[in-house]
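**Q** I'd like to ask some things about the structure below.
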Amino acid sequence: MKKRIISAITTTGKITLGNYIGAIKQIVDYQKDYEVFMFVADLHALTTPFEPKQLQENIRHAAALYLACGLKPESATIFIQSQVKEHANLGWVLSCHTTMGELQRMTQFKDKANIKTANGTEKIPTGILTYPTLMAADILLYDVDIVPVGRDQKQHIELTRNIATRMNNKYGEIFKIPTESIQKHGAKIMDLQDPTKKMSKSSSNAKGYISLLDDVNVARKKIASAITDSLNQVKFDPENQPGVSNLLTIYSVLKNMSMSDCEKQFQGQNYGVLKTAVADVVCELLTTIQNNFKQLINSSKLDDILKEGQQTASKLASQKLALVYKKIGL
Ligand code: ATP
Ligand code: LTN
């Protein structure tokens with residue numbers, strides 16, 4: 001039997017090159033040999049301020065982009081999280097088996113909540129704190145083996161394992177214990193304007209990230225104005241040359257080349273040459289994705305794929321939730 005994987009992207013904004021390299025590309029590669037579940041994490045998007053219309057557009061764009069990036073409905077179940085009610089149901093049960101301490105220790109919570117004062121929590125939606133239990137539900141509903149994610153999610157998968165093990169020990173075997181898959185290179189693509197920060201779709205500076213739907217000329221300009229350094233050597237050294245290392249990482253992942261081969265290719269060249277090469281490979285990718293996207297975004301084919309995804313996912317999710325309810329005495 002094929003091993004199963006699951007992943008998702010939160011619809012808090014435009015899907016970025018960081019999301020593509022850290023998550024989507026891995027999943028597209030996995031689909032040859034694994035049974036893939038990939039969903040649009042729209043319930044997770046409620047944890048940050050949102051506009052209903054924009055949210056709806058982001059959800060459809062995300063689903064179309066998964067397909068445009070190469071996910072195939074024949075080998076992947078693609079669905080929208082809020083259309084499978086069991087996610088929120090199981091999320092509640094799991095939150096009752098997770099401590100406040102565990103959730104407060106999550107690095108992403110500490111970053112996002114940015115608690116500075118004693119009464120600072122008044123402004124933070126509770127969902128920012130409890131979101132890892134919903135994420136654990138997303139994973140545990142489907143008996144998956146592997147969760148391909150970027151590095152920032154490692155802690156959440158560890159928490160998922162802890163909750164699952166705790167419940168298996170208390171109630172008997174319910175959940176399969178998943179592991180994360182994090183790439184050696186590309187697990188954390190950095191902001192083009194501040195290469196010490198992760199490239200993030202919710203960044204306030206659009207020059208720092210490349211959206212998969214950015215006009216290619218805009219993307220080219222963003223890469224041309226990416227922050228580098230004054231050392232004038234193309235070397236992979238994230239600590240001392242974070243900007244150059246970030247560009248090299250993007251190049252090496254998209255070209256499927258080893259880092260040492262990339263370093264050799266640019267040895268003795270100036271940063272302009274590197275930037276042009278990165279822009280070429282990124283724009284080639286964006287052009288392909290955007291052409292596919294245009295065909296899909298208003299098509300009924302997309303609706304059909306999502307409907308089928310919902311049915312397949314719901315079947316598994318409802319069986320798992322029924323087992324959980326039975327085991328815990330509901
Ligand atoms: P936000 O910007 O709102 O914090 P995000 O862009 O980090 O969101 P998520 O939806 O939280 O996106 O992440 C979706 C997937 O993309 C996760 O697996 C995450 O680890 C990965 N990912 C996100 N940003 C990057 C990045 N800069 N580099 C590599 N992987 C990333
Ligand atoms: N917020 C998550 C996206 C996500 C996810 C998941 C990823 C929600 N549920 C389940 C993998 C598996 C993130 O990666 N930031």
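The values are calculated or read from the model by the stated rules, or taken from the named source; none is laboratory data. Model, not experiment: these values are computed from the prediction. Note that each Cβ is placed from the backbone with ideal geometry, even for glycine, and that neighbours are counted across all protein chains shown. Accessible surface is based on the protein model in full, side chains and every heavy atom, while ligands, DNA and RNA are left aside. Shrake-Rupley method; radii C 1.70, N 1.55, O 1.52, S 1.80 Å.
**Q** Quick check on packing: order 122-133, 203-214, 30-41 by the mean number of other C-beta atoms within 10 Å, highest mean leading. Display every interim value, and only then the final one.
**A** On the way: 122-133: 16.8, 203-214: 18.8, 30-41: 20.7.
Packing proxy ranking, top to bottom: 30-41, 203-214, 122-133.
**Q** Ignoring ligands, DNA and RNA, what accessible area per residue does the chain give at 1.4 Å, in Å²? Walk me through the intermediate numbers first.
**A** Working: 15960 Å² over 330 residues.
Per residue, the chain has an accessible area of 48 Å².
**Q** Sticking with this one: Just Gln183, Gln241, Gln267 to compare: in a GNM of the chain, with alpha carbon springs under 10 Å, which one fluctuates most?
**A** Gln267
**Q** Using +1 on the beta carbon of Lys and Arg, -1 on that of Asp and Glu, and nothing else charged, what's the dipole of the chain about the Cα centre, debye to 20?
**A** On the way: 41 positive and 32 negative charges, 80 e Å.
With only Lys, Arg, Asp and Glu charged at Cβ, the dipole is about 380 debye.
**Q** For the chain, with a Gaussian network of springs between Cα atoms less than 10 Å apart, report the residue from Cys69, Cys96, Cys262 with the top mean-square fluctuation.
**A** Cys96
**Q** Any chance you could give the angle, 0 to 90 degrees and rounded to 10, that helix 52-68 forms with the longest Cα principal axis of the chain?
**A** With rounding to tens, the tilt is 70 degrees.
**Q** Sort 5-17, 220-232, 45-57 by the packing proxy (mean of other Cβ within 10 Å over each peptide's residues), most packed first. Spell out each step's value before the answer.
**A** Working: 5-17: 24.3, 220-232: 15.9, 45-57: 13.5.
Answer by packing, highest mean first, reads 5-17, 220-232, 45-57.
**Q** Another question about this same structure. Tell me, what is the percent relative contact order of the stretch 51-210, built from C-alpha pairs under 8 Å that lie six or more residues apart? All intermediate terms of the calculation are to be shown ahead of the outcome.
**A** Details: 152 pairs, mean separation 27.3, N = 160.
Relative CO of the stretch 51-210 lands at 17 percent.
**Q** Per-residue HN-Hα couplings for the stretch 91-100, Karplus 6.51 cos²θ - 1.76 cosθ + 1.60 at θ = phi - 60°, whole Hz, x for Gly and Pro?
**A** x, 5, 4, 5, 5, 7, 10, 10, 8, 4
**Q** Working only with C-alpha atoms, what are the Rg and Dmax values of the chain, expressed in angstrom?
**A** Gyration radius and largest Cα-Cα distance of the chain: 20.4, 68 Å.
**Q** Could you please report the charge total around His156, scoring K, R as +1 and D, E as -1 over all other residues with beta-carbon less than 12 angstrom from its beta-carbon?
**A** On the way: positive: Arg105, Arg151, Lys154, Arg161; negative: Glu102, Asp138, Asp152, Glu158, Glu180.
With Lys, Arg at +1 and Asp, Glu at -1, the net is -1.
**Q** Enter the Cα centre distance for the pair the stretch 53-108 and the stretch 1-47, rounded to the nearest angstrom.
**A** What the calculation gives is 9 Å, centre to centre.
**Q** Moving to a separate point now. Can you give the net charge of the other residues whose Cβ lies under 13 Å from the Cβ of Leu306, counting K and R as +1 and D and E as -1? Before the final figure, lay out the partial values.
**A** On the way: positive: Arg60, Lys301, Lys307; negative: Asp42, Asp303, Asp304, Glu308.
Here the charged neighbours net out to -1.
**Q** Same structure, new question: For Thr48 and Ala322 in one chain, what is 0.36 nm times their gap in residues minus the Cα-Cα distance, to one decimal in nm?
**A** Answer, rounded to one decimal: 95.6 nm.
**Q** Let me ask something else. Which pairs, out of Lys72/Lys221; Lys188/Lys221; Lys198/Lys327; Lys53/Lys176; Lys176/Lys235; Lys184/Lys221, put more than 30 Å between their alpha-carbon atoms? Walk me through the numbers on the way to the answer.
**A** Values: Lys72/Lys221 32 Å; Lys188/Lys221 22 Å; Lys198/Lys327 41 Å; Lys53/Lys176 37 Å; Lys176/Lys235 42 Å; Lys184/Lys221 28 Å.
The answer is Lys72/Lys221; Lys198/Lys327; Lys53/Lys176; Lys176/Lys235.
**Q** If you consider only alpha-carbon coordinates, what radius of gyration and Dmax does the stretch 122-263 have, in Å?
**A** Reported Rg and Dmax, both Å: 19.1, 60.
**Q** Rounding to the nearest 10 and keeping the result within 0 to 90°, find how far the Cα-based axis of helix 271-296 lies from the longest principal axis of the chain.
**A** Approximately 40 degrees, to the nearest ten.
**Q** For the stretch 198-313, state the semi-axes of the equivalent ellipsoid (square roots of 5 times the eigenvalues of the alpha-carbon gyration tensor), sorted largest first and rounded to whole angstrom.
**A** Numbers: eigenvalues 221, 46, 39 Å².
Result for the stretch 198-313: semi-axes of 33, 15, 14 Å.
**Q** If I fit a long axis through the Cα atoms of helix 154-171 and take the longest principal axis of the Cα atoms of the chain, what angle between them do I get, 0 to 90°, rounded to 10?
**A** 20 degrees
**Q** Ok, one more. Roll a 1.4 angstrom probe over the protein heavy atoms and tell me the percent of accessible area of the stretch 95-176 that is carbon or sulfur.
**A** Working: 2070 of 4060 Å².
Percent of accessible area from carbon and sulfur atoms in the stretch 95-176: 51.
**Q** Show the residues, 5+ positions off or on another chain, whose built amide H is closer than 5 Å to the amide H of Met190.
**A** Amide H neighbours of Met190: Met199.
**Q** Could you work out the relative contact order of the chain, using alpha carbon pairs under 8 angstrom and six or more residues apart, expressed as a whole percent?
**A** Numbers: 516 pairs, mean separation 73.0, N = 330.
Once normalised by length, the contact order is 22 percent.
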